[in-house]
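The values are calculated or read from the model by the stated rules, or taken from the named source; none is laboratory data. Being a predicted model, the structure only gives us computed values, none of them experimental. Cβ coordinates were reconstructed from backbone atoms using ideal geometry, including for glycine residues, and neighbour counts include every protein chain displayed. Heavy atoms of the whole protein, side chains included, go into the accessibility calculation; ligands, DNA and RNA do not. Shrake-Rupley method; radii C 1.70, N 1.55, O 1.52, S 1.80 Å.
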Amino acid sequence: MDLFLIAAAIVGFYLAWNIGANDAANSMATSYGSRALTLKQIIIVASVLEFTGATLFGKKVTHTIAKGIVPIELLDHNLVVYGALAALLSAGFWITVSTYYNLPISTTHSIVGAMLGFGLAAVSQNHLALDQIKWGVLAKIALSWVISPLFGAALAFVTFSLIRFILLDRYASESVEHVFRYLQVLTACYMAFAHGSNDVANATGPIAAILGYSGTVPFWVLFFGGLGIAIGIATWGYRVIETVGRQITELTFTRGFSAEFATATTVLLASSFGMPVSTTHTLVGSVIGVGLAGGLASVNLKIVQKIIFSWIVTVPVAAAMTISLYTVMVVFL
């Protein structure tokens with residue numbers, strides 16, 4: 001078991017690194033797109049705030065990932081270990097591939113799909129009924145993936161429209177935009193903190209399951225996850241930042257502020273309810289929302305289609321890889 005715990009820590013750190021690499025865009029891409037911050041500044045600020053959010057507020061969503069989908073209390077603990085390891089490896093590998101191709105996929109989709117694959121394989125091999133998988137929780141999570149980008153898009157659209165009506169149409173646009181440069185940086189910091197609080201669970205949930213989750217998440221698990229996210233941001237985060245920040249729509253300081261404010265608000269509301277929403281979905285929805293405020297032509301639909309396709313295939317790919325890895329582990333270990 002000590003060896004498996006070490007393996008879980010290593011693989012969990014690998015997944016946390018991937019989360020930082022792919023999801024750095026969720027908090028800082030708009031600041032990069034509008035040129036409110038340099039890439040170096042983004043890396044420093046995002047790393048510190050993501051780590052802080054993960055360690056201080058990551059407990060509730062970790063519970064959902066650890067125990068909210070798979071009936072781990074009905075399984076032999078060794079099988080839980082195999083399944084959690086398989087889920088971490090599968091989700092991590094898929095995120096690595098996606099980040100290499102600059103695609104902002106949902107790391108939450110990845111781990112939930114991977115845990116679902118573990119659940120399907122475990123239930124089948126242990127002759128349990130399929131209703132032992134917590135489909136109700138899974139349905140709520142899946143619903144949140146649809147609601148969060150729509151809510152983010154609507155809130156960003158309304159926020160930017162109000163800013164344009166109250167300020168941009170009445171006062172000089174360099175002066176207003178200059179003020180919103182600083183407000184955008186503040187909302188980006190807000191978003192980085194919110195993202196760390198929600199998405200650290202994607203790495204720490206399976207680790208908590210391996211530890212024999214009993215309702216309390218050890219602080220070192222959250223610390224470890226937050227550290228992995230911070231390092232991922234610093235080493236590979238620039239790849240997806242480019243896609244979200246500059247390829248979906250043109251971003252100004254006011255548009256970037258609106259998108260970040262809408263995303264952070266949506267994600268923190270979800271975290272308070274323990275729901276692992278996709279911050280990627282929410283931010284992309286918010287960026288599209290501010291783009292649509294300038295008309296449909298302002299949005300690069302080809303990039304949006306490519307991103308949405310990657311979202312659609314994430315759950316089945318992660319689930320299939322986990323089923324395969326879990327089956328191999330059960331047979332040979």
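Couple of notes before you dig in:
- Output for region 79-107, where each listed residue is part of a helix (DSSP H, G or I) and more than 19 Å from Ile210 (Cα to Cα): Phe93, Trp94, Ile95, Thr96, Val97, Ser98, Thr99, Tyr100, Thr107
- Region 258-278: number of residues that are among the aromatic types (Phe, Trp, Tyr) and in a helix (DSSP H, G or I): 1
- Total residues in region 6-24 satisfying the condition of being over 14 Å from Ser110 (Cβ atoms) and touching a helix residue (DSSP H, G or I) at 6+ places or on another chain (Cβ under 7 Å): the figure is 5.
- When region 105-136 is limited to residues that are under 25 Å from Ile95 (Cβ atoms) and β-branched (Val, Ile, Thr), the one that is farthest from the chain's Cα centre (by Cα) turns out to be Ile133.
- When Val284, Val290, Val313, Val277 are checked against the criterion of being within 21 Å of Trp94 (Cα to Cα), open to solvent by less than 30 Å² (accessible area, probe 1.4 Å), of a type outside the set (D, E, K, R) and at pLDDT 90 or above, a single residue qualifies: Val284.
One line per residue, one yes/no per condition, for (1) open to solvent by 30 Å² or more (accessible area, probe 1.4 Å); (2) in contact (Cβ under 8 Å) with a residue 24 or more places away in the chain; (3) in a helix (DSSP H, G or I); (4) farther than 15 Å from Ser31 by Cβ:
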| residue | (1), (2), (3), (4) |
| --- | --- |
| Ala208 | no, yes, yes, yes |
| Phe223 | yes, yes, yes, yes |
| Leu227 | yes, yes, yes, yes |
| Gly232 | no, yes, yes, yes |
| Val240 | no, yes, yes, no |
| Thr243 | no, yes, yes, no |
| Gly256 | no, yes, yes, no |
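- On inspection, Tyr101 passes the criterion of being of a type outside the set (S, T, N, Q), within 25 Å of Val284 (Cβ to Cβ) and without any contact (Cβ under 8 Å) to a residue 12 or more places away in the chain.
- Answer residue from region 160-187, given it is closer than 24 Å to Met28 by Cβ and of a type in the set (Val, Ile, Thr) and is most open to solvent (accessible area, probe 1.4 Å) among those: Val179
- Flag if Phe157 is modelled with pLDDT of 80 or more, open to solvent by less than 20 Å² (accessible area, probe 1.4 Å) and aromatic (Phe, Trp, Tyr): no
- Checked against (1) assigned to a helix (DSSP H, G or I); (2) open to solvent by 10 Å² or more (accessible area, probe 1.4 Å), Thr216 meets all criteria but (1).
- Scanning region 1-47 for residues that are among the aliphatic types (A, V, I, L, M) and either within 23 Å of Ala262 (Cβ to Cβ) or part of a loop (DSSP other than H, G, I, E, B) (or both) returns Met1, Ile19, Ala24, Ala25, Met28, Ala29, Ala36, Leu37, Ile42, Val45, Ala46.
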